[in-house]
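A.B. asks: Handing you this structure, nothing more for now.
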Amino acid sequence: MGWIIFCALSWGIALAAVPRRHWRTLWPAGLIALATIYAIDSTLISLGAYVYSPHGPAAAGIPVLYLLSGFANGITLTSFNPRRHIYRLPYVMLVAGVFLLAEWVMIRVGYFCYLRWSYWRSFLLDLAGFAFVLWLAEALGVQRGGAPFPERI
């Protein structure tokens, strides 16, 4: 039930916050985020850093609903990436903090378990992962090359 709620919340936020006309240019960011989550999590699961509890279908030990939420979250993340570089690090830190809170909740309800991992490592990994998704999306022209985006902050 936890992954259903997380996935529904992720998709609900993405559908409500990102204008429909931007989805045509932002969908590659969703694929980048999904691939990044799969690469990082499958590697760390195989190394014994953490595990997801077996609640529903999984791919390489990663809940499928979590992967699907990554697509929506990648679109939302990219859509709200600030234009001004000075605001990008605080933005990524804020998003990483929100995801760390979500991870803490999932640990408390038994959907995720650290084996040889920590909240600090998770926060740093989230920072790196979000920065990578935003960098690659921008490098591929996902945000800048599509429809004009309003100036943010």
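Coordinate-derived values only; no laboratory data. Just so you know, these numbers come straight off a predicted model, no measurement behind them. Neighbour counts run over all protein chains shown; Cβ positions are idealised from the backbone, glycine included.
A.B. asks: What does the charge dipole of segment 1-150 about its Cα centre add up to, to the nearest 20 debye, if the Cβ of each Lys and Arg holds +1 and the Cβ of each Asp and Glu holds -1?
C.D. replies: 400
A.B. asks: Which order results if S79, S10, S46, S69 are arranged by neighbouring Cβ count within 10 Å, fewest first?
C.D. replies: S46, S79, S10, S69
A.B. asks: Between helix 2-17 and the chain, what is the angle of the helix's C-alpha long axis to the longest principal axis, kept within 0 to 90° and rounded to the nearest 10?
C.D. replies: Helix 2-17 and the main axis of the chain meet at about 0 degrees.
A.B. asks: Considering the Cα trace of the chain, what is its radius of gyration and what is Dmax, both in angstroms?
C.D. replies: 15.2, 44
A.B. asks: Would you mind computing, in nm to one decimal, how far apart the modelled labels at H55 and I107 are, each placed 7 Å from Cα along Cα→Cβ?
C.D. replies: 1.6
A.B. asks: What ranking of C113, C7 emerges when the number of other C-beta atoms within 10 Å of each C-beta is taken as an exposure proxy, fewest first?
C.D. replies: Ordered from fewest to most neighbouring Cβ atoms within 10 Å, C113, C7 come out as C113, C7.
A.B. asks: Angle check, please: helix 88-108 long axis (alpha carbons) against the longest principal axis of the chain (alpha carbons), in degrees 0 to 90, nearest 10.
C.D. replies: Around 30 degrees separate the two axes.
A.B. asks: Please rank Y50, Y38, fewest neighbouring Cβ atoms within 10 Å first, as an exposure proxy.
C.D. replies: By the 10 Å Cβ count, ascending, the order reads Y38, Y50.
A.B. asks: When the Karplus curve 6.51 cos²θ - 1.76 cosθ + 1.60 is applied with θ = phi - 60°, which whole-Hz ³J(HN,Hα) does each residue of segment 19-36 get, with x for Gly and Pro?
C.D. replies: Karplus values, whole Hz, x for Gly and Pro: x, 3, 5, 8, 4, 5, 9, 9, 4, x, 5, x, 5, 4, 5, 4, 5, 5.
A.B. asks: Could you give me the ³J(HN,Hα) list for segment 53-59, computed from phi with Karplus coefficients 6.51, -1.76, 1.60 and θ = phi - 60°, whole Hz, x at Gly and Pro?
C.D. replies: 5, x, 10, x, x, 9, 10
A.B. asks: Considering amide H positions built from the backbone, and no H for Pro or chain starts, which residues 5 or more places from R83, or on another chain, come under 5 Å of its amide H?
C.D. replies: Sorted by chain and number, the residues that satisfy this are R152.
A.B. asks: In the chain, which longest range has no trypsin sites (Lys or Arg not before Pro) that are both DSSP loop (not H, G, I, E or B) and surrounded by at most 12 other Cβ atoms within 10 Å?
C.D. replies: Counting at most 12 other Cβ atoms within 10 Å as exposed, the longest clean stretch of the chain is 1-83.
A.B. asks: Would you mind pulling out the separation of the Cα centroids of segment 128-143 and segment 48-64, in Å?
C.D. replies: Measuring centre to centre over Cα atoms gives 26 Å.
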